[in-house]
1. Suppose we filter PRO270, PRO231 for residues that are more than 23 Å from ARG158 (Cα to Cα), in contact with a strand residue (DSSP E or B) (Cβ under 7 Å, 6 or more places away or on another chain) and assigned by TED's automatic domain parsing to the domain that holds VAL144; which single one remains?
2. Return the only residue of PHE246, PHE255 being crowded, with 21+ Cβ neighbours inside 10 Å, under 18 Å from LEU213 (Cα atoms), of a type in the set (Phe, Trp, Tyr) and at pLDDT 95 or above.
3. Scan the range 258-276 for residues that are in a helix (DSSP H, G or I) and either loosely packed, with under 14 Cβ neighbours inside 10 Å or in contact with a Gly (Cβ under 6 Å, 6 or more places away or on another chain) (or both) and jot them down.
4. Just one of the numbered conditions (1) on the phi < 0 side of the Ramachandran plot; (2) in contact with a Lys or Arg (Cβ under 9 Å, 6 or more places away or on another chain) is not true of ASN27; which one?
5. Among GLU102, GLU106, GLU145, GLU58, which is the only one that is over 29 Å from ASP13 (Cβ atoms), in contact (Cβ under 8 Å) with a residue 12 or more places away in the chain and among the acidic types (Asp, Glu)?
6. Only one of (1) closer than 27 Å to THR129 by Cα; (2) touching a Lys or Arg at 6+ places or on another chain (Cβ under 8 Å) is not met by ASN278, so which one is it?
7. For the range 63-73, what are the residues that are surrounded by fewer than 17 Cβ atoms within 10 Å (Cβ to Cβ) and either among the hydroxyl-bearing types (Ser, Thr, Tyr) or over 17 Å from ILE181 (Cα atoms) (or both)?
8. Is it the case that the range 266-275 has a residue that's over 20 Å from the mean Cα position of the chain (by Cα), among the hydrophobic types (A, V, I, L, M, F, W, C) and at negative phi?
Amino acid sequence: MMDPTEILARHWDMEAAQVRPLGGGINSETWLVEHKGSTFVAKSVSSTAVADLVAGAEAATALAEAGFVTGPPVPTRDGRIVLAEHGLALLKHVPGRELDGETDEEQEWIASTLAGVHAAGNPAMGPSTATFALDRLSPQMPGVEAHPWLVAAIKAVRDETDPLTVTWSVLHTDPVPGAFIHDDKTGVTGLIDWAGARRGPVLYDVASAVMYLGGPGHASAFLSTYQSRGPLAAQEMRYLDAFRRFREAIQGAYFAGRLATNDLTGGIDPAENDKGLNDARQRLAALGFDPA
């Protein structure tokens, strides 16, 4: 684990900052940084994930300027939002509590925040879904060919979704409930962890949120709130299951890659990577895809 203390002093003029590990997410390391009465979060990613970190920093900045709480980056002394050579960004700390989506009220907060982000991201039709996530969902990705069911799943979901032209906007791409931070004092719900944000089909974010909330049955409050406040026309929601299958195929490809490269970042061991892959397969089967 790296220690960002000296880097913070050199590039952000934060001499004598108090730094303590937070324990990273599955793809990163994070630290809580306290300096002169202000609180920040330092986030470090691998060299292969720097582009995603930059994209997320840019999205968080634009949305913060539009009035959303996003934990945007703090520029370095020379104006960079990500220190690419170290894969490091310094982010504004967002106060509040992580949501888990177990109550209707929390699902309504999650849906309202996500719908607001999508509505603010210049939603518009197209282009074809065939142009989306080519770096995340392909049979040529590391580890995929070792799992014939996954190769078949990728072909099936691409065949199903590639011809579709649906609403696109700025996506978070990983709206897990814990990325939504609610401040009980202000009633405001923020959305953090923007690494990998990109423009894409809005239904991808909706399907991701439904996956994390345990499926449509458990996510009913989220779905009803999102439908009333989001930018999607009612007829687009008929494609939700197609994008749920798309999302599960991406989940499978992600964990297949981690297994193939023995990626243990985030404190995840091989057994947990294997479980992530198998969980994606089981959820795909529940959605009607179960190859022989």
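1. Residue meeting the stated conditions: PRO231.
2. PHE246
3. LEU259, ALA260, THR261, GLY266, GLY267, PRO270, ALA271, LYS275
4. Tallying (1) on the phi < 0 side of the Ramachandran plot; (2) in contact with a Lys or Arg (Cβ under 9 Å, 6 or more places away or on another chain), ASN27 fails exactly one: (2).
5. None of the others qualify; the one that does is GLU106.
6. So the condition that ASN278 fails would be (2).
7. Residues satisfying the conditions are GLU65, ALA66.
8. Checked the range 266-275: at least one residue is over 20 Å from the mean Cα position of the chain (by Cα), among the hydrophobic types (A, V, I, L, M, F, W, C) and at negative phi.
The values are calculated or read from the model by the stated rules, or taken from the named source; none is laboratory data. This is a predicted model, so every value here is computed, not measured. Cβ atoms come from the backbone with ideal geometry, glycine included; neighbour counts cover every protein chain shown.
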